[in-house]
Structures are given as structure tokens and as C-alpha cells.
1. For the range A:191-223, enumerate the residues that are at pLDDT 85 or above, part of a strand (DSSP E or B) and not β-branched (V, I, T).
2. Name the pairs whose Cβ atoms lie under 8 Å apart, with the first residue in the range A:569-597 and touching a residue at least 24 places away in the same chain (Cβ under 8 Å) and away from every other protein chain (no Cβ under 14 Å), the second acidic (D, E) and surrounded by fewer than 14 Cβ atoms within 10 Å (Cβ to Cβ), and 6 or more positions between them or separate chains?
3. Within the range A:524-545, take every residue that is within 12 Å of chain B (Cβ to nearest Cβ) and assigned to a strand (DSSP E or B) and give me the one that is nearest to A:V598 (Cα to Cα).
4. Can you tell me which residues in the range A:565-593 are among the aliphatic types (A, V, I, L, M) and either under 15 Å from A:T619 (Cα atoms) or in contact with a Pro (Cβ under 8 Å, 6 or more places away or on another chain) (or both)?
5. If we only count helices (runs of 4 or more DSSP H) wholly inside the range A:449-523, which ones have 3 or more residues that are modelled with pLDDT of 90 or more?
6. Taking the condition of being assigned to a loop (DSSP other than H, G, I, E, B) and not polar (S, T, N, Q), how many residues in the range A:11-66 meet it?
7. What is the number of the single condition among (1) surrounded by 17 or more Cβ atoms within 10 Å (Cβ to Cβ); (2) outside any strand (DSSP E or B) that A:P282 does not meet?
8. Which residues, counting only those in the range A:437-476, are of a type in the set (F, W, Y) and either more than 10 Å from chain B (Cβ to nearest Cβ) or at positive phi (or both)?
Amino acid sequence: MSARAAQCPNCGAEVLFSAGSSLVTVCRQCRAAVARKGVNVEAIGIVAELVPTSSPFKVGMSARPKRGTKPFRIVGRLQLSTGEGTWDEWHVAFESGAYAWLAEAQGAFWMMQPLPAPPVPEWERLDPGQRLNLGAYGLFTVAERRSAAYISAEGDLPFVAPPGAVFHYADISGADGSLGTLDYGDDPGLDGFFVGRKVELSDLGIEGIEAWTDRKAGARAQALNCPSCGGALSLKDPSATVRIACGYCGSLLGSKEKSEGPPSKFELLERLSAVPFHPSIPLGSEGTVNGHHYVLLGAVLKKTTSGGTDYFWTEYLLKETKSEAYHWLAESNGHWTLLAPVAAGEVADGPRYATYRGERYRVFNRNPAVVDAVLGEFYWAIRKGETTSASDYVAPPRMLSKEEAKAEVNWTEGVYVPKADLEAGFSLKEMLPSPTGVGACQPWPHAGTAGRWWRTAGILAAVAVAVFVVATLVAPRKVVLDRTFDLVDPKAKVWTERGLAASGTWQAGKAAAAADRVLVFEPFETPRRGNLRVEFFAPTSNNWVGAGADLIEEATGEVRSFYLVSDRYSGVDGGESWSEGSQRRTTWLSQVPAGRYVLRLEPESDSPNPPASFRVKVTSGVPRFAHLVVVLFLLVLGPIGLLFSRASFEGRRWSESDFSTSGALKESSGDDDGDDS
Amino acid sequence: MRKLYQVLGAGLLAFFTYAQLTGWDAAIGTQKNTLPAGARNAGGWRSYHFWSGGK
């Protein structure tokens, strides 16, 4: 079928079926819905007046999209209402004769194409959150299951149904980000199946489209006075607002008629004498956060009860002025998270984790969320006491949030926003309250620099090792003294240099040596300024030998005094062997200048059986490995300190959660400890 | 904070290099003294009386 003119059976005026897909057209004269049946036309009802909505589209607009979609014309408008909200779906006709629906859902615009229907469960058997495998179409999640009434229309429609008919439908969200609609009409079986992709308003290339800011200026109720307190209310989103909570007295305004969209006149629904809470960011504020320009429309104080205690947080409704999407700014204990809607089909969730676009989020809280108070303007009929089931999953700095109601499930995903960004972005005169504790998705302050800390430590450690290697290679390590002494008189505790006793030299001077137990060596030379390692070894076994030592520089007379000892004890006590002490001890002398030195020892031991010998070895210019170990240890202290800082930070974060970091419910919170499906 | 760590780390590395090249050590348990001028004659410090008796 193609474009065709006919006479309205109701009033006689000319009606035009402007596209091949047009099965019904609405008479402009009398608002009769005229259906064509073969060569005849028939009036199937009278449509009601259109409800003003915030949609940017108009019948008659032409589009030349930049990419992805062929040129089309908007030939009709279907207006639907669930009783809680009214919205438009736009019938677009392509030059090929094909048609699609241009719809608004989840804060975005979607181009929905009709496709052959796959086998699906009956409408009554669908539940929000349910997974559907639609074969070649892929995996989908039921995001919404509702009934909507066809309340009005304009132009041409691609189906025949009397005005006022009620349609059952389910919106399904694809794992690839697509959106589908299962149209069940007014019976259990599927009448139509539509799948579409998100389209950007700016990419559609629609001529004559008005920006949101221009449309709101033309809306009917842009400014009004509160019927309760008389306060002047200036609406920021008048073309979509269905509920207002007065910012001066808190009274709730809206329409008493259930199925209307944005009312032409706001009536008093609930009178309050004072605002129930004070938003930290003033209602109506405009600002830029994370590169997006927002208008703050309303604030919702929510609460959950746990263990008899109420916990409160605030959610601010934002309108992103370019995309016209509704976003949320959630505040809890001074911590802020900016959240935007995401397709339910793109999220896979279980008891412990949720996955979105490859990122795994850990469950943080799962509680009923109750609307405790509202302020500002809202695009749905919000009411106090409205309850949803809320689940928060975190992967700092990101958060994934799920809200489940009877007929729908909504996911939002967002990022932690420092309060300073909001203060600057909204040009706030009063600073926001300082955050307390650690926020659910607050990033650890050093998350961005921890890697650089380790990299810095690695570079410094590598340099330290290189310095040690170079020092080892170039250091003039030289043994300058190495002598062994034998015990020649155990009673008098006299040791003499090995070889002297055997040669008889000691025997010759025995009397003098017994009286003078001091051992003085021939001078030795150190080649350059450096350290001296003095090693002292004796085969001690449950005895000890020590020696007072003096290193004397011949030229200056400078003396370095130290003590050398070898002691080794062992035994069995209570059936367990033990040992202590050491046969070998080392003493380090610092920065000994080049020169001639004399070492003087005065050995001693009060053991009845002193060791039979001891050895003294002096080495010059020895690289100190222990120094390298100390340096490496000190260098990793910084990054290790960061690890402790992170552990402490995460501990404080999860102390606010009902779940452990593994996703298990804490014992104090209940018994649920399920596994992910 | 990281800047401070870099500065302290670089300082530590500089001192480590100095210690390795000059033989610096904490030298715990050693004492420095200088012999009286009278003891600096040849062999003076070899005298047992200088170190123990004869004081």
C-alpha cells in the first residue's frame, strides 16, 4: 500500500494515509481514528486530546541521519499511558515502505524495527529481571512488564486498534545493549516484536528539532505558586514534570487525575508545613560534572532499616541537558556518586557479584529502599513510602546499582565524585559537608599512584644493586693480617702465635710471655681509605675466648678500641637440644685512612678449658652486603606502607557493608551465603 | 607524598654510594682515642706498662 487520500467517514474532511505502513490515520478535523480496509475506510473511534509531553519530535519532521539509519519521515504519534506516566512513540516511515518506532526509554532515544517474532513465554509468565534466550536475537533481560492504554494519537499509525485499547507489553534489554519490545496487544499471545538500538538525538539529523532548553521555555506551567504556602516555584523541566514537592513548605503537588501526564494545573496532593530535609545542593542548580551539563530537578531522601536503625541517603535527580537523559547523584555520609541508567541486559548479576561490560562489581548492600521525603520536580508520580529493592555493587571508583519494583528493574552505573568537583561544578556558595568514613565506591586515594611508587622503588633498588656491584668490582679488597694463635699455657691462659711454640721461641721467653699476655703484631698497611673487617674465630665449645683489641695508626697515634669474642654453648635441656653464641664474630671498623697500622690484642678467658686456638683475620676495603640489604629494605618501606594504607582503607569501607569482600553476607546481617549462578 | 619518597630514596641511595666507596660503617662497639704525645715514640705503644701497669 502507498500514500492515499480519503474522506473521513465521521466528518467528511480529507484524510491522508501518508505512508505505505499507515493503516490508521487520525482526522485533523474531528480526531476520528480512520482505518483503511482494502479500498474502504472506517472510523474506529475518536482519540482524546494529546497530552503535552517533553518529546522533541513532531509529526511531519524529516530526518537525514548521519549514520546507521536511512532517511525517514515522522508520520504518526502514538500516546500511551500506564496510569503513572504518559509517553509518546513516533511512527517513522522509510522511503522503502518499511516503518519503525522512534521511542524514548531509559533516558535515551531508540529506533525500534519490527522483526519476526521469536517464541516467548506468555505475558503473565514474565518477571522483571528474567532472562530470555531469543535464539538468533540473543540473550535478553526483562526490564519492564506493564500494561499501557492507547490514550491518544496524531497522524498515521501502523496498526489497527480502537482508541482506549489496553496493550500488554514487556521491554527487554539485550546483552549487546539493544532494546526490545514484546507487544502482546490485549491477549496472552505475542502480536509484535521490535528490536532497536540507541540513537543520539544529534545524530538523527532531524530538521526543525528544538533543544530541550527551548522546549521547556514553551511549556505551559513553567512558573507557579505553591497552593499551600504561596511560594514561587520555577520549574526546570516543565514539559515532563508530573509531581512537585514545594521547596518552601514540602507540600506535594500534582494532578488528582490518575492517567494524565504533565498537568496543566498542579493541585495540592499533600500539605506540609515545613521542608522535610535540606538538600546539600540547591534545587534548580545548574552545573557541569565530569564534562556533562546538568540541571538539578529534585531530591529524594531515602532510608533503609537494619537492626532497628534507620539509615538515610539522598538521591538527586539530574537532567543532562544535551542528551535529555535523567541521571542521579547519590549522597551518603558526604560521599557522592554520579549514576546514569544502563541497559539491564548488559548486566549479569548474582548474589555476590554483578558484571557490566567486562567489569566485575562486588555486592556491597542489598536492602529495601523507602522514599522518606521528596523535594523538587519529578517526571513520575513519586510518593512517600514508595519502596523498591535496592542492591549496590562496587568496583571503586565505580558503582552499579539495581532497583527492583513489582513491574520493572532498573540499573544505573556511575562513578565516585569528589565533593570539590561538585562544589566547583555547581558553583556552590556553601561548601558541601565533609565526608565521614569511607564511601562505598570511594577510590583509595593512592590508587592512581601506587604503581608509580613501586616503579620508583624498583628503579632506586636497581641503582643500589648496581652501586654495590660496582663497589665490589672496584674495591681493593685485601687481607692485611691473618694470624692463628695456639694455647700454650691453659692454666695461665696464654696463647702465642702458631709456630713460635714449636720452634722453641716461646719456650725461651716463657716467663716474660706468661707475665705479659698482650699480643702485638707487626705493622700492616692499608692501601686506601676504606673499612676494615676484623674476623675472630675460635673452636669454642661450651667455653669462650675474648680479646680486647686496639688498632693503632702509627703516624697519628689514633687508636680504635674494640672487643673480639668467640663463644659457643650448646646442650640438651628437657630432651631438647639448644645452642647459643657463635665461634666466629666479625667487627667492622669505619673509614680507616690509608696508612700503617698495628693491631694489639689482649686475649682472655675464664673458662677452665679455654679453646686451643683462635684466629684473627683483618681485611681492608670490603663491600658491605648488609648495607645493601638495609637500603633495599628501607626503599620498599614506602610501597609497603601503601599496602597497609590500602588494607586499612578497604577495611573501613567494608565495615559499612552487610557483606564481606568475598560477597558473603556477614554473620550479624543474616544467614544468606549463596553462590553466584 | 611520592615526591618526598623520591627525595628520601635518592638521599638514601647517595649515602649508600658514599658508604660503599669510603668504607663508612656504623662501627658499633668501637671507640676512638688518640695516644698521648709521649707514647708516640717508636715502640712506645708496644709497652705493656703504657697499656696496663705503670699508670
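The values are calculated or read from the model by the stated rules, or taken from the named source; none is laboratory data. Because the structure is predicted, anything quoted here is derived from the model rather than measured. Every residue, glycine as well, gets a Cβ built from its backbone with ideal geometry; the counts of neighbours run over all protein chains shown.
1. A:G192, A:F193, A:F194, A:G196, A:R197, A:K198
2. Hits for this filter: A:Y569/A:E580; A:S570/A:E580.
3. Pass one, the range A:524-545, residues within 12 Å of chain B (Cβ to nearest Cβ): A:526-534.
With the extra rule that they be assigned to a strand (DSSP E or B), the set shrinks to A:526, A:530-534.
Details: A:T526: 11, A:G530: 16, A:N531: 15, A:L532: 13, A:R533: 15, A:V534: 13 Å.
Residue satisfying both the conditions and the ranking: A:T526.
4. A:L589, A:V592
5. Details: elements: A:450-474, A:500-503, A:505-508, A:510-515.
Result: A:450-474.
6. Narrowing the range A:11-66 to residues assigned to a loop (DSSP other than H, G, I, E, B): A:11-13, A:18-23, A:27-31, A:38-39, A:47-61, A:64-66.
Now restrict to residues that are not polar (S, T, N, Q): A:11-13, A:19-20, A:23, A:27-28, A:30-31, A:38-39, A:47-52, A:56-61, A:64-66.
Number satisfying all stated conditions: 27.
7. The one condition A:P282 does not meet is (1).
8. If the condition is that a residue be of a type in the set (F, W, Y) and either more than 10 Å from chain B (Cβ to nearest Cβ) or at positive phi (or both), then A:W444, A:W454 are the ones that fit.
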